[in-house]
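Here's the structure we're looking at; comments come further down.
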Amino acid sequence: SLSENDKQMVKTLWAKISPAADQLGCEALSRMFLVFPQTKTYFAHWPDLSLGSDSVKKHGKKVMNSVGEAVNNIDDLFGGLSSLSELHAFQLRIDPTNFKILSHNILVVIANRFPDDFSVEAHLSLEKFFARVALAMSDKYR
Ligand code: ZNH
């Protein structure tokens, strides 16, 4: 699980990048759709899944809002994400392997946009954080 140092790293990095969260979310989703096209099947009802479309922007913002919430709830990620986990398990029926895929894309985008802040230590803590987020998002699938 996350050490105090990991939590501090994540909070510090998030404070730095959160002003760009909407943009990061949009880019992460766009990359996910392009690099892992099987993820698009869940969004077939959107009018436009292309890079930077309105739907992608809107959804990227929502997703990053909940990542920000997760950072705020970093001491209780499972509690903080339980209703979202339930939504994805029972309403949206998202295969939980996809949580790792989206997390990976968010990580890539952060590394790309904030290379100076993406030290090895920050990478490690963020990797652990997103692994926990993916696990918490998968918690209600039973
Ligand atoms: Zn998800 C939705 C978050 C992942 C798919 N999402 C959603 C929302 C949110 C989220 C916040 C909104 C809700 C409401 O509205 O209420 N997600 C999230 C997060 C994550 C996720 C945080 C991780 C990290 N998802 C995901 C994935 C997928 C998804 C991976 C697939 C692939 N989601 C989804 C869908 C939806 C959502 C489909 C619906 C959309 C619309 O609306 O259309």
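Bear in mind these aren't lab numbers, they're just calculated from the coordinates by the rules spelled out. Because the structure is a prediction, the values reported are computed rather than measured. Here the Cβ positions follow ideal geometry from the backbone for every residue, glycine too, while neighbour counts run over all protein chains shown.
Table for the structure above
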read-out	value
Alpha-carbon centroid distance for the pair the range 121-137 / the range 56-77, whole angstrom	13 Å
Cut-off 13 Å between beta-carbons: net charge of the residues surrounding Val56, Lys and Arg +1, Asp and Glu -1	+2
Model label zone, Asp48; criterion: amide N under 15 Å from point 7 Å along Cα-to-beta-carbon; scope the range 1-36	30
Ratio Rg/Rh [Cα only; Rh per Kirkwood] for the range 44-142	0.98
Kyte-Doolittle mean at least 0.5, axial Cα span of 18 Å or more - DSSP H helices of the chain	21-35, 97-113, 120-137
Hits among lysines - C-alpha to C-alpha of Lys11 under 23 Å, sequence gap 8 or more where chains match	Lys61, Lys62, Lys100, Lys128
